[in-house]
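The values are calculated or read from the model by the stated rules, or taken from the named source; none is laboratory data. Small disclaimer: the values here were computed from a predicted structure and weren't measured. Cβ sites come from the backbone with ideal geometry, for glycine too, and all protein chains shown count toward neighbours. Quick note on the areas: whole protein, heavy atoms, side chains included, nothing else; ligands and nucleic acids left out. Shrake-Rupley method; radii C 1.70, N 1.55, O 1.52, S 1.80 Å.
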Amino acid sequence: MNKALFKYFATVLIVTLLFSSSVSMVILSDQMMQTTRKDMYYTVKLVENQIDYQKPLDNQVDKLNDLAYTKDTRLTIIDKDGNVLADSDKEGIQENHSGRSEFKEALSDQFGYATRYSSTVKKNMMYVAYYHRGYVVRIAIPYNGIFDNIGPLLEPLFISAALSLCVALALSYRFSRTLTKPLEEISEEVSKINDNRYLSFDHYQYDEFNVIATKLKEQADTIRKTLKTLKNERLKINSILDKMNEGFVLLDTNYEILMVNKKAKQLFSDKMEVNQPIQDFIFDHQIIDQLENIGVEPKIVTLKKDEEVYDCHLAKVEYGVTLLFVNITDSVNATKMRQEFFSNVSHELKTPMTSIRGYSELLQTGMIDDPKARKQALDKIQKEVDQMSSLISDILMISRLENKDIEVIQHHVHLQPIVDDILESLKVEIEKKEIKVTCDLTPQTYLANHQHVQQLMNNLINNAVKYNKQKGSLNIHSYLVDQDYIIEVSDTGRGISLIDQGRVFERFFRCDAGRDKETGGTGLGLAIVKHIVQYYKGTIHLESELGKGTTFKIVLPINNKDSL
């Protein structure tokens, strides 16, 4: 910019100097011409005073002509009628000059002046005439206008123009620096905006630069504050998006990524970044087809990824398209479990119903006449009814625990009397198997529903007795660790294999279906235990080894809203 300004100023100065020099030459030449004309007036007057009209004029003209003005001067004496009496140019002596303008002007004003081309000498001439004592004396010199004085003026004008140009160029360079230096400093400071730094400007010679600097500083402060706000908002949005359990991707109209959260990267690729086409990471043809044909109405595409099921919700927005990947694995599994549950319930109810129907038909047709056989049939029907009643009760219990659709009354529960009642009800079975029972319970109370705790302990202790070996042992232990209330129930029974340990809490699952049905279980006991523990935000752990026994460890928090 400095070079451009200097070049511009130099061009302006050169043009200005040429123009001013030309005008000066014209003006000076005109002034010199005026001076020459005045000098010629004095000269013609002096020459006229030297003429003696009583003597021959030719000799006088020749002598006076050499002294008149210059060597090219033409001296002419004319009478009042315009007749040339004497002329230094002998060829023009016969010509009458009464019509010449300088002659006429001299007769009327004493002095006359004219410039014209002389056909006599074949040159442009300047004429000055003087009328005195009845005669007109005229002198003439060659005249070519302003160009006659260019020679003498050219050298001084060139020297003065050159000096003026040097001074002007130096001042122009200095002036251009006074303009460009502030601009360079301002430009350098403005570049700091990219680094989000504060701007600092000096006080400049020209107020206009100070105004620009002030405005730029204000704009930079505004931009910095805006960027800070946008950064904070972006951090908030990214934090929210990264905390989402759903994968989120925002695309522009060209299907390039504008925003992507952590979950989406986990699903597809850690290399997913902004300004990259989504087709480089998502290859599901259903999603690609929906993207290419997306309309106003949102679309949903179901896909399986890493053994999990997701619903991809595609929606068109102002900036492009949003993709929201929602994990529906739990919902799908829950639906599958419900289907399996209803199938299992139907199966479990079908067996006792078949037995009841068979015995009732036999009794109804009178095919069983023996009172003892009839009593056995009725006992079998009663047993199946009790089994169905127990199964339905367990199903209702699980349903209520899952849905929390009833108000549960809680109070401080002591574990000791509940365990004592359960052991008393199992006394016959315990004595039959000669099981050694050890009970060590802390006096800590727990805020819970009495029926829930009773069901929990009954299922665990019942299983420990039912599946224990002859002359085995049963240990019931409770204690506190930090803010957790821990209950352990251990037996020395047949144990659970590693394969079955992952499924023992499933509904209707039996490790040995044939043997378990003989014991009269519904297959829902441990499922109920698991749901009760989850209801109180606790955890249950299983340790078991085939042939050595099983230990169930329940950890219940006592610092949540449902406990003391």
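Taking strands (runs of 3 or more DSSP E) that fall entirely within the stretch 403-460, which contain at least 1 residues that are modelled with pLDDT under 90 and open to solvent by less than 20 Å² (accessible area, probe 1.4 Å)?
On the way: elements: 411-414, 436-440, 445-448.
Answer list for the stretch 403-460: 411-414, 445-448.
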Take the stretch 416-445 and flag every residue that is β-branched (Val, Ile, Thr) and within 22 Å of Tyr479 (Cβ to Cβ).
Ile418, Val419, Ile422, Val437, Thr438, Thr442, Thr445
For the structure I just gave you, tell me whether Ser355 is surrounded by 14 or more Cβ atoms within 10 Å (Cβ to Cβ) and modelled with pLDDT of 70 or more.
yes
Which condition number in (1) open to solvent by less than 70 Å² (accessible area, probe 1.4 Å); (2) touching a strand residue (DSSP E or B) at 6+ places or on another chain (Cβ under 7 Å) is the one that Tyr131 fails?
(2)
Any residue at all in the stretch 549-559 that is within 58 Å of the chain's Cα centre (by Cα), loosely packed, with under 13 Cβ neighbours inside 10 Å, at pLDDT below 75 and closer than 22 Å to Ile409 by Cβ?
yes
Would it be correct to say that Gly92 is closer than 20 Å to Glu105 by Cβ and modelled with pLDDT under 75?
yes
Any hit, the stretch 327-339, residues being outside any helix (DSSP H, G or I), aliphatic (A, V, I, L, M) and either closer than 30 Å to Lys262 by Cα or at pLDDT below 75 (or both):
yes
